[in-house]
Amino acid sequence: MSIFDDIEKDGLTPENEKRLALEFGARGKKAIETVRSGKIKKYKDFFVVQGSTGDYIVEEDFCTCNDYLYRLSVKGGVCYHSIAVRIANATGEYERVEEWYTDIISKDRKSVH
C-alpha cells in the first residue's frame, strides 16, 4: 500500500507525515506545508499549485515548474507540487474551481495583448 493510499484512508496523521518526509525528504515536508496553506486548486482540467515563484499546472506526476522540467524529468522523481497534489487529492484538501484553467489562461493572454 502506498503512502497516498494510507493518507486517503487515515488522513495526514503524524505517522504519515513522517513517512512522507522519509520517502521524499524536503520535498515531502514542503508539500505538506503547501496543502495546509491552501495553495492547491482543482480546476475542471488541471490541478494548479501556487508555488513560491508562480502557479504550476500539475497533471499526475507532470508539473510545469523548473524543478520538474530541468532536473527531475531527466533524473526521475517528482517535485513538491506533484506530491502536494497527491496529498490534496487523497485528503480532499483543495479548492474546487468550476472553470477550465485553459480558459483562464486564454483570458489572461488576451488582456495582455
Residue pairs within 7 Å by beta carbon, gap of at least six or interchain, first lying in the range 66-95 and more than 15 Å from Glu23 (Cα to Cα) and at pLDDT below 80, second aliphatic (A, V, I, L, M) and surrounded by 15 or more Cβ atoms within 10 Å (Cβ to Cβ), listed first then second, are Leu72/Val78
Scanning the range 1-43 residue by residue, those under 25 Å from Gly54 (Cα atoms) and small (Gly, Ala, Ser) turn out to be Ala21, Gly25, Ala26, Gly28, Ala31, Ser37, Gly38
Contact list, first residue from the range 3-23 and farther than 19 Å from Gly92 by Cβ, second anywhere and surrounded by 16 or more Cβ atoms within 10 Å (Cβ to Cβ), beta-carbon distance below 8 Å, six or more apart or interchain, is Arg19/Ile3; Arg19/Asp6; Ala21/Gly28; Leu22/Gly28; Glu23/Ile3
Residue under question is Glu17, and the condition is that it be closer than 22 Å to Ser2 by Cβ, charged (D, E, K, R) and at pLDDT below 95; does it hold?
no
Scanning the range 33-85 for residues that are closer than 19 Å to Ile3 by Cα, part of a helix (DSSP H, G or I) and of a type in the set (Gly, Ala, Ser) gives Ser82, Ala84
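The values are calculated or read from the model by the stated rules, or taken from the named source; none is laboratory data. All figures in this text were calculated on a predicted structure; none of them were measured in a lab. Here Cβ is always computed from backbone atoms with ideal geometry, including for glycine, and neighbour counts include all displayed protein chains.
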